[in-house]
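Undergrad: Quick one: structure below, then a few questions.
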Amino acid sequence: MIAIAIILGINTGISVALYFVSSALKKSNDLGNTEAKYHDFADSFVRFDVRKDKVNRNLYRF
Amino acid sequence: MWEGKILDNSVPHMKYDASGQGVTLHCPGCGAALVFDPVSGKMLCESCGNMYSAGELGFENRFTADEEDTMECNVYKCRSCGAELNVSDNTCSTFCAYCGQPTVVFDRVATMKKPQFIIPFSITKEQAVSLLRSKVNAGKCVPKEVKEFSIDRVVGIYVPFWLFDMDYSDKQLLSGEVGSGKYAHKYYYYREGSTHFSNMTLDASRQLNDESSKRLEPYMTGALLPFKADYLSGFYSDRYDVENYELQRAAVRRAGELFNKEVETDVAKSGNVHNIVRLKGNPRANINDIKYALLPAWFLTFRYKDVPYTMLVNGQTGKVVGGLPYDKTSQAIKFSMIFALVTPLASIIYYYILNYFGFDEIRPAFLILGLTAALWCKAFKNMRDIKTSNKLSSAKEIASYSKNR
């Protein structure tokens, strides 16, 4: 039981440490890592002519 | 030494260079060369400080796209990486803006397709340096030596872009899940819609890699102006070497990606839908127009441990792009400290949890593994992003891109 707890503990220790170090590093050193979004190139929203929820997939063959 | 000649009486301050083809503007007061000033939007004489509008110089609309399709420019070639730089006036290129080597030689006067549009620099060189410095100083993981960096060089380059106008429509069948765990239900959704993209930017230079140019975006294309050669004064301009037909498929793909995200958002909003998967689609794209434009970017280079790092600043919006170097030793120490703190604590907690549920019960162990797996994934994604950004900022990498031309 104690061996499993230690293995899980080491796994948690590595993942938590890696997550915190990499997140801080990304926030601090990775500048401008974003791309243009939909509205940077389109003046209006997508115009939906048909909008159907919870449909039978077999009815839509194209 | 440059020796110009008066072109004609209607434009008294515009002169051809010695070859009779390159054009430069000169100060009516002192005769020194004029450069475009991003702050005032006028031509500035760096010698006497006077400013002139294009109209005052009789230069207005002389090089708009309607009049001529081509223009002459001086082409400089880098012997080190093979990059070609266009310099439209008497600015003398002394080093390669891409790889930084001082092996740049005048190559030829070339005819290039004249851009139809341009976004002039609205961020000055000083502002670009200041923006970078503020970002660097704000970084908690940036080494002290980097925070005190001194800029090796700052170059303003007009990067060539193709701008696509496109109608895009699609009908899609998607699946998505509502609820969670054993209450999760899978449903299907149908969407049929259309949109119009205007001025979608795609980098037209092989020299600057696509990842860097994508990160420089967005440019506010509402500020596009008809091209005038006087905006190029004092800056480099890169010539397009990717034809627009080569990018049409990429433009449609990009439109599709942006459209699909909007569809997914719409489906998600329809009732807390998650795990959305596109099953079928029938996209249609119609490219209406393709325009050629020059968009501004600052290239700022500094050195850390003898490695040059080139950061980019969007010359219109001031967005800073690139990966800053970091000290691996200090990051390893941080990692060790967190590891040393978390591991014994987690082990003790897990021991009590496992004891509580008994040895036969393995679900808690799997739950813990699942939670840490999510952290692993996020951490690896972060590390991959940092590595990519660092590669993009390394001048060596940019040089290797140019070698692939």
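Read-outs: derived from the displayed coordinates by stated rules, not from any lab. Predicted model, so just to flag it, every value in this text is computed and none were measured. Cβ sites come from the backbone with ideal geometry, for glycine too, and all protein chains shown count toward neighbours.
Undergrad: Sequence gap at least 6, Cα distance under 8 Å: using those rules, report the relative contact order of segment B:248-332 to the nearest whole percent. Working shown, then result.
TA: On the way: 51 pairs, mean separation 12.4, N = 85.
Value for segment B:248-332: 15 percent.
Undergrad: Is there a simple number for the mean count of other chain Cβ atoms within 10 Å of the Cβ of residues in B:313-320, and what is it? Present the calculation step by step, with values, prior to reporting the outcome.
TA: Details: counts 2, 1, 0, 0, 0, 0, 3, 2.
What the average comes to for B:313-320 is 1.
Undergrad: Using only alpha carbon positions, build the gyration tensor of segment B:182-269, then give the equivalent ellipsoid semi-axes as the square roots of 5 times its eigenvalues, largest first, whole angstrom.
TA: Values: eigenvalues 277, 42, 33 Å².
So the equivalent ellipsoid measures 37, 15, 13 Å along its semi-axes.
Undergrad: Given labels modelled 7 Å from the Cα in the Cβ direction, how far is it in nm from B:K391 to A:M1?
TA: So the two model labels end up 4.8 nm from each other.
Undergrad: What is the dipole size for segment B:228-274, taken about its Cα centre, with +1 at each Lys and Arg Cβ and -1 at each Asp and Glu Cβ, in debye to the nearest 20?
TA: On the way: 7 positive and 9 negative charges, 23 e Å.
The dipole magnitude comes to about 100 debye.
Undergrad: Also, I was wondering about something else. Taking θ as phi - 60°, what are the ³J(HN,Hα) couplings along segment B:209-222 by the Karplus curve (6.51, -1.76, 1.60), each to the nearest whole Hz, with x for Gly and Pro?
TA: Once θ is set to phi - 60°, the couplings for segment B:209-222 become 5, 4, 4, 5, 5, 5, 6, 5, 5, x, 9, 7, 6, x Hz.
Undergrad: Count, for each residue of B:370-378, the Cβ atoms from other chains sitting within 10 Å of its Cβ, then give me the mean as a whole number. Mind dumping the intermediate values first?
TA: Numbers: counts 0, 2, 8, 2, 2, 11, 5, 2, 6.
Other-chain Cβ atoms within 10 Å of each residue's Cβ, averaged: 4.
Undergrad: Mind checking segment B:298-389 for trypsin sites (Lys or Arg not before Pro) that DSSP puts in a loop (not H, G, I, E or B) and that have at most 15 other Cβ atoms within 10 Å? Show your work: numbers first, answer last.
TA: Working: sites: B:R303, B:K305, B:K319, B:K328, B:K334, B:K378, B:K381, B:R384, B:K387; in loops: B:K305, B:K319.
Within segment B:298-389, the qualifying trypsin sites (Lys or Arg not before Pro) (loop, at most 15 other Cβ atoms within 10 Å) are B:K305.
Undergrad: Still on this structure, I have one more. Each residue of segment B:192-203 in order: what ³J(HN,Hα) in whole Hz does its phi give by Karplus 6.51 cos²θ - 1.76 cosθ + 1.60, θ = phi - 60°, with x for Gly and Pro?
TA: 10, x, 8, 7, 10, 9, 10, 6, 6, 8, 9, 4
Undergrad: 7 Å from Cα along Cα→Cβ at both B:M112 and B:T329: what's the point-to-point distance in nm?
TA: Distance between the two pseudo-spin positions: 4.5 nm.
Undergrad: Sticking to Cα atoms, compute the Rg of segment B:209-320 to one decimal and its Dmax as the biggest Cα-Cα distance, whole number, in Å.
TA: 19.1, 55
Undergrad: Go through A:L25, A:I6, A:N56 and say which Cα lies farthest out towards the positive end of the charge dipole of chain A; charges sit on Cβ, +1 for Lys and Arg, -1 for Asp and Glu.
TA: Going by the Cα projections, it comes out as A:N56.
Undergrad: Counting other C-beta atoms within 10 Å, and keeping those with at most 13, which DSSP coil trypsin sites (Lys or Arg not before Pro) do you find in segment B:104-191? Don't skip to the answer; put the middle values down first.
TA: On the way: sites: B:R108, B:K113, B:K125, B:R133, B:K135, B:K140, B:K144, B:K147, B:R153, B:K171, B:K182, B:K186, B:R191; in loops: B:K140.
Loop-located and lightly packed - B:K140.
Undergrad: Amide H of B:S394: which non-local residues (sequence gap of 5 or more, or other chain) have their own amide H closer than 5 Å, using H built in the peptide plane?
TA: B:T310
Undergrad: Let me ask something else about it. Just from the alpha-carbon atoms, what are the Rg and Dmax of chain A in angstroms?
TA: Considering chain A through its Cα atoms, Rg and Dmax are 23.6, 61 Å.
Undergrad: Could you state the per residue volume, in Å³, of the convex hull enclosing the Cα atoms of segment B:256-325?
TA: Values: hull volume 14.6 nm³, N = 70.
For segment B:256-325, the hull spanned by Cα atoms encloses 208 Å³ per residue.
Undergrad: To one decimal place, what orientation-averaged projected area in nm² is obtained for the convex hull of the Cα set of segment B:135-249?
TA: Projected over every direction and averaged, the Cα hull of segment B:135-249 covers 13.8 nm².
Undergrad: Let me ask you something else. Would you kindly derive the ³J(HN,Hα) couplings of segment A:48-58 from the backbone phi angles with the Karplus curve 6.51 cos²θ - 1.76 cosθ + 1.60 (θ = phi - 60°), listing them in order in whole Hz, with x for Gly and Pro?
TA: Ordered by residue, 3J(HN,Hα) equals 8, 7, 10, 9, 10, 10, 6, 9, 7, 4, 5 Hz.
Undergrad: Residues with beta-carbon under 15 Å from that of B:A128, excluding B:A128: net charge, scoring Lys, Arg +1 and Asp, Glu -1? Could the numbers behind the result be given before it?
TA: Values: positive: B:K125, B:R133, B:K135, B:R153, B:K319; negative: B:D37, B:E126, B:D152.
Surrounding charge for B:A128 is +2.
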